[in-house]
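Asker: The structure that follows is given in the form of structure tokens.
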Amino acid sequence: MAMNETKRVVTIDRHIVDMQAKYPEATGELSKLLYDVALTAKLIDREVSKAGLVDILGLTGEVNVQGEEVQKLDWFANDRFVKSFDHGGQLCVMASEEEEGVIPIPSRFKLGKYVLLYDPLDGSSNIDANVSIGSIFSIYKRKTAEGPGTVEDCVRQGAEQVAAGYVLYGSSTMLVYTTGRGVYCFTLDPSIGEFLLSHNRIQMPKKGKIYSLNEGYRNYLSDGTRRFVEYLQEPDKETGRPYSSRYIGSMVADVHRTLLYGGIFLYPATSKSPKGKLRLMYEANPMAFIVEQAGGMATDGTQRIMDVQASELHERIPVFMGSEEDVKLAMSFEAGER
Ligand code: AHM
Ligand code: MG
């Protein structure tokens with residue numbers, strides 16, 4: 001391309017309209033939800049980018065100049081999700097990492113056929129160090145026939161998801177989503193306030209050179225996991241070892257890197273927490289949907305994450321996700337085959 005040549009840009013709104021046209025039976029309700037995800041992302045991004053100013057402008061928990069309580073960022077983000085989605089008429093119920101029970105749609109608003117699960121601000125322990133954080137969302141069609149949605153509409157099998165994705169508040173803000181037809185990534189151009197298509201139909205490498213886990217828990221890992229990590233550390237030119245280690249401690253950022261560069265992200269079971277730490281419904285399943293749509297694999301070490309039928313809203317699951325070859329290798333160690 002010649003210097004200074006003007007490039008064509010595709011906004012997320014335009015992309016959603018184009019995608020909807022591929023489904024003649026679509027009513028536009030899912031598209032509306034996706035528009036609202038983009039809007040919510042921008043509203044949260046605005047606050048996240050001011051997080052470093054909190055000490056200057058007022059500490060969390062203080063009363064601000066308008067006489068309002070200054071909210072913690074993760075509570076703000078949770079509230080933002082609720083207020084963005086409760087009145088659109090597309091949802092019958094929501095659930096969030098931040099709330100114990102399901103979040104009903106207020107009776108004055110119309111109910112719709114969809115269900116939204118989300119983690120409003122994942123990795124929030126990183127905020128004070130200006131390290132990347134993210135939001136994660138997962139959308140299902142309701143299971144119950146009518147009336148306000150229930151916990152039964154929220155506690156599902158990941159394979160039933162109709163859309164999922166995440167927002168990464170990093171050096172740039174990015175929105176990545178899938179509706180089961182590939183993975184699309186949009187980068188926020190803050191000067192015009194638009195998400196622009198930056199990565200079309202992401203496909204991840206079949207094998208990578210990076211592993212990502214909290215190695216501080218080495219002594220609590222299963223034998224299989226520990227031997228897998230040791231294997232990746234052994235030098236061997238032919239199989240591309242040793243792998244590099246990268247761990248941000250924000251799932252969205254660690255999985256996003258894995259999506260682009262390949263390799264494996266794992267939050268395995270430990271002797272301290274036998275089901276790992278990450279939550280099935282609004283962390284593991286949506287990220288698994290993205291990873292699979294990008295040609296990768298997402299398992300709990302023995303089985304496909306999206307095949308697991310959840311039994312409660314906040315249940316945890318061990319996570320091994322990333323490049324197909326790397327995840328298969330990890331599973332063979334977990335199974336004691338190596
Ligand atoms: P959170 O939902 O309380 O923010 O916790 C989830 C985060 C993930 O983003 C990340 O992968 C993990 O916790 C890191 O945990 P650890 O500090 O145990 O490595
Ligand atoms: Mg979380």
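Every number here is computed from the coordinates shown, using simple stated rules; none is lab data. Since we're looking at a predicted model, the values are computed, not measured. Every residue, glycine as well, gets a Cβ built from its backbone with ideal geometry; the counts of neighbours run over all protein chains shown.
Asker: Can you pull the one-decimal nm distance between simple spin-label points at Ala129 and Asp223, each 7 Å off the Cα toward Cβ?
Answerer: 3.4 nm
Asker: Right, another one. Return a whole-number percent for the relative contact order of the chain, with Cα pairs under 8 Å and 6 or more residues apart as the contact set. Write down the numbers at each step before the final one.
Answerer: Working: 695 pairs, mean separation 51.6, N = 338.
Normalised by residue count, the contact order of the chain is 15 percent.
Asker: Pulled fully out, how much extra length does the chain show between Lys50 and Ser311, if you take 0.36 nm times their separation in residues and subtract their Cα-Cα distance?
Answerer: Values: separation 261, 0.36 × 261 = 93.96 nm, distance 3.82 nm.
Working it through step by step, the gained length comes to 90.1 nm.
Asker: Given R₀ = 25 Å, what would the calculated FRET efficiency be for Lys42 paired with Asp18, taking r from the Cβ atoms and rounding to 0.05? Show your work: numbers first, answer last.
Answerer: Numbers: r = 21 Å, r/R0 = 0.83.
Step by step, r from the Cβ atoms, then E = 0.75.
Asker: Next question, about the same structure. Do any GluC sites (Glu not before Pro) in the stretch 162-251 lie in a loop, going by DSSP, with at most 15 other beta-carbon atoms within 10 Å of their beta carbon, and if so which? Each step should come with its number before you reach the end.
Answerer: Working: sites: Glu194, Glu215, Glu230, Glu238; in loops: none.
Listed in order of number, the matching sites amount to none.
Asker: Compute the helix-to-body angle for 251-261: its Cα long axis versus the longest principal axis of the chain, expressed 0 to 90° and rounded to tens.
Answerer: 60 degrees
Asker: Taking a cut-off of 20 Å between Cα atoms, list the aspartates and glutamates near Lys209, but don't count ones fewer than 8 places away on the same chain.
Answerer: Lys209 reaches Glu230, Glu234, Asp236, Glu238, Asp254, Glu292, Glu324, Glu325, Asp326, Glu334.
Asker: Next up: Taking every Cα atom in the stretch 3-199, find the radius of gyration and the maximum pairwise distance Dmax, and write them in Å.
Answerer: 17.7, 58
Asker: For each pair in Lys143/Lys206; Lys32/Lys206; Lys237/Lys328, compute the distance between the two Cα atoms and list the pairs where it is over 24 Å. The partial results should precede the final answer.
Answerer: Numbers: Lys143/Lys206 35 Å; Lys32/Lys206 34 Å; Lys237/Lys328 20 Å.
In this structure, Lys143/Lys206; Lys32/Lys206 exceed 24 Å between Cα atoms.
Asker: What is the helix-to-structure angle for 324-334, meaning the angle in degrees between its Cα long axis and the longest Cα principal axis of the chain, kept from 0 to 90 and rounded to the nearest 10?
Answerer: 60 degrees
Asker: In terms of the ratio Rg/(2.2 N^0.38 Å) built on C-alpha atoms, what value belongs to the stretch 179-292?
Answerer: Numbers: Rg = 16.3 Å, N = 114, 2.2 N^0.38 = 13.3 Å.
Here the answer is 1.22, to two decimals.
Asker: Something else now. Nearest 500 deg cm²/dmol is fine: what mean residue ellipticity at 222 nm does the chain get from its DSSP H runs of n ≥ 4 alone, each adding -39,500 (n - 2.57), divided by its residue count?
Answerer: On the way: 9 runs with 92 residues, N = 338.
Calculated from helices alone, the mean residue ellipticity at 222 nm is -8000 deg cm²/dmol.
Asker: Same structure again: Find the centroid of the Cα atoms in the stretch 177-203 and in the stretch 295-310, then give the distance between the two in whole Å.
Answerer: The stretch 177-203 and the stretch 295-310 have Cα centres separated by 25 Å.
Asker: For His87, His256, what ranking results if the residue with the fewest other Cβ atoms within 10 Å of its Cβ goes first?
Answerer: Details: His87 14, His256 24.
Fewest-to-most Cβ neighbours within 10 Å comes out as His87, His256.
Asker: Using the Kirkwood formula on the Cα atoms of the stretch 89-187, what hydrodynamic radius do you get, in angstrom to one decimal? Present the calculation step by step, with values, prior to reporting the outcome.
Answerer: Details: mean 1/r = 0.0684 Å⁻¹.
Evaluated on the stretch 89-187, it is 14.6 Å.
Asker: If you don't mind, there's one more thing I want to ask. Restricting the calculation to Cα positions, tell me the Rg (one decimal) and the Dmax (whole number) of the chain in Å.
Answerer: Expressed in Å, the Cα Rg and Dmax of the chain come to 20.3, 64.
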